[in-house]
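Undergrad: Dropping the structure in here first, questions after.
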Amino acid sequence: MAEIRINRLRKAFNTFEVVHGIDIHIQDGEFCVFVGPSGCGKSTVLRMVAGLESVTSGEIVLGDRVINDLPPKDRDIAMVFQNYALYPHLSVADNIGFPLRMRGIDRTIIRKEVERVAEIIGLRDLLERHPRQLSGGQRQRVAMGRAIVRDPQAFLFDEPLSNLDAQLRVEMRTQIRELHQRIRTTTIYVTHDQVEAMTMADRIVVLKDGRVEQSGSPLEIYDRPANPFVARFIGSPSMNLFTGRLGEQGLVLKDGAVLPLVRPFGSHDEAVYGVRPEHLDIVEVGTPGSLEAVVAVVEPTGAETMIFARRDGQEITATFRTRPTVKAGERIALKPDTSAVHLFSGDARLN
Amino acid sequence: MARILHMAALVALAIVVAFPVYWMIVMAMTPLGFSRQITTIIPTNLTFDNFASLVVERPMLRWLWNSTLVATLASGISLVIGLSCGYALSRLNFRGSYIVLVLVLASQMIPSTSILVPLYALFKDLGLLNTIQGVVIGHISLVLPLAIWMSKGFFDSLPEELEGAARLDGCSRLGALWFVAMPLVTPGLAAIFVYGFVTSWNDFLFPRHFVQSENLWTAAAGLTSFRGEYFTLFEPQMAASIIFALPVVVLFFFLQRRMVSGSLTGGVK
Amino acid sequence: MADLKIAGAPKRSLLASVRENLTDGPGFLWLMMTPPLLLLALVVGLPVAKAVMLSFDRVVLTRPKLAGDFTFHNYIRLFTDIDAWLAVLRSCLYMSGTVFGSIVLGLAAALLTRRIVRFRGLWRSIFILPWTMPAIVAAMVWGVMYDSNFGILNQLLRMLPFVDANVEWLLNKSIVLPALIVVQVWNEFPVAYIFFLAALHAIPEELYEAASVDGASPFQQFLFVTLPQIKYVLAVIVVLLLIFGFRAFPVIYLLTGGRTETLTVATFNAAFRAYDFSYAATLGVLAMFVSLALVLIYLHLTLRRGKADAAS
Ligand SMILES: Nc1ncnc2c1ncn2[C@@H]1O[C@H](COP(=O)(O)OP(=O)(O)O)[C@@H](O)[C@H]1O
Ligand SMILES: [Mg+2]
């Protein structure tokens, strides 16, 4: 086990740079999730850590060694791929035992280790099967077995759950977390799914276009997103964002409506005002500091009720634990909880 | 109605396409000299004499053996040597890979007559004319580019992550090729070998012109000697054609799936 | 930061580190590329170089005294040689004829068999069969069928009322080229057939259902559903068949004894009839340039498509 430090890491394919100098420090034993939209460079960073992609510039440090030029086989890192990358010509047992076999370990020891791991991941009965005879979830577990069998310094996961159906995905999520709690190996987990990131991570690194947008614990990122991108990307349904100009009472929208702030801001610059759906309240129409909107859809999910309303071409989402009795077409007023408001200017957070 | 038309068209087309093969078989089994009197397309008295006479009166067996030897060597050497180039072209994104790709494909597509002439001149200087080795080398020039190109195609069809996983699991690049990629492309390699084998088997240009002594000819070279410029007998020609084509046809149909997918490499997926 | 160990260079013997470099380092590329490229240089590069050298020389086996000097003689001759350009023209005709014929026949066969369920394997085998025939066998079989006196084609023709003449398929100068094209098409159309069949199977059936719901006739369905979907495959086949047609030699040579000269046959004749190896090499070099051009077109087509696939 070891910490991983990524320093000013860059990657260019030919002359086309896709990772623009990122810094990430992952503590020993931490479960770190890289999240970001597809194509933002998550896999590329992960593959550089694994040694499957060359480093254009910068440093990757594992423990106390710079591993930039170390071939993957000497890095002592295990990886689970999106398509699992199980060896189709080998049985489950041989797949799991493969890393040990490549290290020249004795057959009888390999057998024992494979059985121990099969126990952990619950595949005892399937050891003689071939990958094509397994379901998606089982393949996923074999891939994990192959990763944990040799007790590596770090685990890398590249969207390991995206080929599974929704229910299995939720199940595997917990299983991977449990596994991590048990063996406490430093882990980098890549996903484009922010729910996965929120539920699994000790720490989240939000990436966009080859840059780190923000990094921190899930709740830090949820409660204090550093910029509008992170604000919208993390959390479901997404945060409502309003663009306007700062005034004495708060943020003044184009049509003159005013969104309240805890304290007035000195400047009169353009700013983005963000409020999460659960921080909106239905108030009487005309209440100062509220936004009028027309209800478009009401979606009760049981635990929560979601209201989609429209105002001036902009959609506003609000969720409620209570069950408000509004109907589509109705005009309502929504008032933000000023203590939970996010204010951004350009790419920076103001409050 | 549309259905009947459809079936009729299909049957008609199939008959036209298959007829030459049928006719070859009929001719080959017609008694010597009788083919000129055939007045119907349904044969009456059939015989295997023509096949027997090939073996007795011509060194057909010898030629077939030479063909087998040349084709096995040319295709085997090309495959063993060419494979790694196909792998590199498929997996290693190196500078100049496009140029290598063009060179390989161009080598494959050059008309063999363009190669025949300088190769003849070279072999004359090197004393390789009239030897089996010369023919093998000549055929390697036909088969090697094919082996490279086709193996690239088969490696392309393997997910790259497999070797990535293998490398993390403790393999070198070479180890990943050996332990993971190779076992998975083995069926493909068989197809490449057969393709190369057939290419060499079918070529008459090199053996016919590099080799004077008849007993060093391959079957293709021998077969074309049956077709003189003016007068020849149909029956032994057709019998020889069948013997010559049969192994190739069998190989093709035996490996049909893979042969087809191999030939489509770079085309439709 | 300063006390970080740079991994990858622990103490090793020279041999071990060379081995490491070759099997898992930058040297791997060299390990993989050197033997095949050397062999390729030997069996293809060397002859090509020799051909170029010959083309600037005058190696004529019947007149050995001419050899030895660097000369543009052959290229000058090439530009003024009507026969050579006629051969090029014939190559072009032959290529277009075989491409057109193979595509029509291949597409017809593919359209006819695409939805056939019964005996599907049999039909396919029949249409692939000609391709499995070696070109020399195709030439021999058709040579027998084309025979002016005893060939089955003339016998069948004679059965028609009012037809008496013996068609000299391979001797009549205005018929020979089409006759040769027929043989080549018969031998090669299965390539088009296989490509088309694969492409047709990749078209989702729903497209046709939608089209017929919209009232499209079968012909309109072909025009507006099928054709756009197989456009790319069509382009690839055209280039591939152009290359095949351009390379063609056995069929033409064996059926006409070399009397009908395409560029490949002319190359052969210059060397083995006129014994002018230099002029033959010159024609051969011209042919190489043509194939290089065709290969570049082919790669341009397929690689660009490959990239588009990867991006989507
Ligand atoms: N081998 C490659 N060659 C060129 N560009 C690549 C290559 N691999 C990835 N890219 C590009 O790098 C960017 C990041 O890709 P990737 O790391 O796979 O994104 P993610 O995993 O976040 O979806 C993308 O724009 C992708 O097109
Ligand atoms: Mg990815």
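Undergrad: With a Förster radius of 22 Å, plug the Cβ-Cβ distance of residue A:278 and residue A:310 into 1/(1 + (r/R0)^6) and report the FRET value to the nearest 0.05.
TA: 0.70
Undergrad: Right, another one. DSSP loop GluC sites (Glu not before Pro) in the range A:167-257 with at most 12 other Cβ atoms within 10 Å of their Cβ, which ones?
TA: A:248
Undergrad: A further question follows. Where does helix A:92-102 land angle-wise versus the long Cα axis of chain A, in degrees 0 to 90, nearest 10?
TA: 70 degrees
Undergrad: With charges only on Cβ, +1 for K and R and -1 for D and E, what is the dipole size of chain A about its Cα centre, in debye, rounded to 20?
TA: 820 debye
Undergrad: For chain B, the longest stretch holding no chymotrypsin sites (Phe, Trp or Tyr not before Pro) located in a DSSP loop with at most 10 other Cβ atoms within 10 Å is which?
TA: No qualifying site falls inside B:49-229, the longest such stretch.
Undergrad: What does the average come to when, for each residue of peptide C:24-31, you count the partner chain Cβ atoms lying within 10 Å of its Cβ? The partial results should precede the final answer.
TA: Numbers: counts 13, 4, 3, 1, 9, 7, 1, 4.
So the per-residue partner count for this stretch is 5.
Undergrad: What does the helix-only formula give at 222 nm for chain A: each DSSP H stretch with n ≥ 4 adding -39500 (n - 2.57), the total divided by the residues, and the result rounded to the nearest 500 deg cm²/dmol?
TA: One gets -7500 deg cm²/dmol as the mean residue ellipticity at 222 nm.
Undergrad: Still on this structure, I have one more. Report the far tail of the P(r) of chain C, meaning the percent of Cα-Cα pairs longer than 28 Å.
TA: 60 percent
Undergrad: Please report, to one decimal in angstroms, the Kirkwood hydrodynamic radius of the range B:1-47 built from all distinct Cα-Cα pairs.
TA: 12.4 Å is the Kirkwood radius here.
Undergrad: Once you put a point 7 Å from the Cα of residue B:99 and another 7 Å from the Cα of residue C:31, both along the Cβ direction, what distance in nm separates them?
TA: Label at residue B:99, label at residue C:31, 2.4 nm between them.
Undergrad: Now, a different point. What is the spread of the Cα atoms of the range A:114-163 along each of their three principal axes, largest first, in whole Å?
TA: Answer, in whole Å and largest first: 29, 27, 14 Å.
Undergrad: Turning to a different aspect of this structure: Check every DSSP H run in chain B and write down those whose alpha carbon atoms cover 24 angstrom or more along the long axis and whose mean Kyte-Doolittle hydropathy is -0.5 or greater.
TA: Working: long enough: B:2-28 (39 Å, 2.06); B:60-91 (45 Å, 0.99); B:132-156 (35 Å, 1.28); B:182-202 (29 Å, 1.14); B:234-254 (29 Å, 1.88).
Sorted by number, the helices that extend far enough and score high enough are B:2-28, B:60-91, B:132-156, B:182-202, B:234-254.
Undergrad: Oh, and also: Compute for chains A and C the buried accessible surface, both sides summed, probe 1.4 Å, and express it in Å² to the nearest 100.
TA: 900 Å²
Undergrad: Related question: What is the range B:1-87 by shape, rounded, prolate or oblate, if you read a ≥ b ≥ c off the alpha carbon gyration tensor as root eigenvalues and call it rounded for a/c under 1.5, prolate for a/b larger than b/c, and oblate otherwise?
TA: Oblate shape, in that a/c is at least 1.5 and b/c is the bigger or equal ratio.
Undergrad: Suppose we look only past 54 Å in the calculated P(r) of the protein assembly as shown. What percent of the Cα-Cα pairs does that tail hold?
TA: Numbers: 149481 of 433846 pairs.
Across the protein assembly as shown, Cα pairs with separations above 54 Å total 34 percent.
Undergrad: Would you mind counting up the charge near residue A:212? Only other residues with Cβ under 13 Å from its Cβ, with Lys and Arg at +1 and Asp and Glu at -1.
TA: Charge balance near residue A:212 sits at +2.
Undergrad: With the cut-off at 28 Å, tell me which of the pairs A:11/C:231; B:124/C:65; B:152/C:231; A:11/A:73; A:42/A:73; C:50/C:173 have Cα atoms farther apart than that.
TA: A:11/C:231; C:50/C:173
Undergrad: Return the distance in nm (one decimal) between the two label points of a simple spin-label model at residue B:2 and residue A:177, each offset 7 Å from Cα along Cα→Cβ.
TA: Here the modelled spin labels are 5.8 nm apart.
Undergrad: Note the full-extension length gain between residue A:292 and residue A:20 as 0.36 nm times their separation in residues minus their Cα-Cα distance, in nm to one decimal.
TA: Additional length available on full extension: 93.7 nm.
Undergrad: Semi-axes, largest first, in whole Å: what does sqrt of 5 times each Cα gyration tensor eigenvalue give for the range C:201-312?
TA: They are 44, 19, 8 Å, listed largest first.
Undergrad: Separate question: Return the percentage of antiparallel bridges among DSSP beta bridges fully within chain A, rounded to the nearest 5 %.
TA: Among the beta bridges of chain A, antiparallel pairing accounts for roughly 75 percent.
Undergrad: At a probe radius of 1.4 Å, figure out the B/C buried accessible area, summed over both chains, and give it in Å² to the nearest 100.
TA: Chains B and C together bury roughly 8100 Å² of accessible area.
Undergrad: Another question about this same structure. What helices does chain C have that are whole DSSP H segments, at least 30 Å long along their own axis by Cα, and with mean Kyte-Doolittle hydropathy of -0.5 or more? Before the final figure, lay out each step's value.
TA: On the way: long enough: C:82-113 (46 Å, 1.54); C:176-201 (37 Å, 1.60); C:277-311 (49 Å, 1.19).
Qualifying helices, which must be both long enough and hydrophobic enough, are C:82-113, C:176-201, C:277-311.
Undergrad: Still on this structure: Could you give the C-alpha radius of gyration of chain A expressed as a fraction of 2.2 N^0.38 Å, taking N as the number of residues it contains?
TA: 1.19
Undergrad: Of all beta bridges DSSP finds with both residues in the protein assembly as shown, what is the antiparallel percent, to the nearest 5?
TA: In the protein assembly as shown, DSSP labels about 75 percent of beta bridges as antiparallel.
Undergrad: Set the Förster radius R0 to 56 Å, insert the Cβ-Cβ distance between residue C:303 and residue C:164 as r into 1/(1 + (r/R0)^6), and round the FRET efficiency to 0.05. Spell out each step's value before the answer.
TA: Details: r = 56 Å, r/R0 = 1.00.
That gives a FRET efficiency of 0.50.
Undergrad: What number do you get for the range C:72-190 when its Cα radius of gyration is normalised by 2.2 N^0.38 Å, N = residues?
TA: Numbers: Rg = 18.5 Å, N = 119, 2.2 N^0.38 = 13.5 Å.
This ratio for the range C:72-190 stands at 1.37.
Undergrad: Mean residue ellipticity at 222 nm from the helices of chain B, using -39,500 (n - 2.57) per DSSP H segment of n ≥ 4 over the full residue count, to the nearest 500 deg cm²/dmol? Provide the component values of the computation, followed by the final result.
TA: Working: 13 runs with 195 residues, N = 269.
Taken over chain B, the calculation gives -23500 deg cm²/dmol.
Undergrad: What whole-number value in Å² describes the accessible area per residue of the range B:58-266 for a 1.4 Å probe?
TA: 35 Å²
Undergrad: When the Cα centres of the range B:74-108 and the range C:289-305 are compared, how far apart do they sit, in Å?
TA: 16 Å
Undergrad: So with the 1.4 Å probe, I'd like the accessible area per residue for the range C:154-238, rounded to whole Å².
TA: 52 Å²
Undergrad: Let me ask something else. Mind listing the Cα extents of the range A:1-93 along all three principal axes, in Å, largest one first?
TA: Principal-axis extents of the Cα atoms in the range A:1-93, largest first: 41, 30, 25 Å.
The values are calculated or read from the model by the stated rules, or taken from the named source; none is laboratory data. Just so you know, these numbers come straight off a predicted model, no measurement behind them. Note that each Cβ is placed from the backbone with ideal geometry, even for glycine, and that neighbours are counted across all protein chains shown. Side chains included, ligands, DNA and RNA excluded: accessible areas come from the protein's heavy atoms. Shrake-Rupley method; radii C 1.70, N 1.55, O 1.52, S 1.80 Å.
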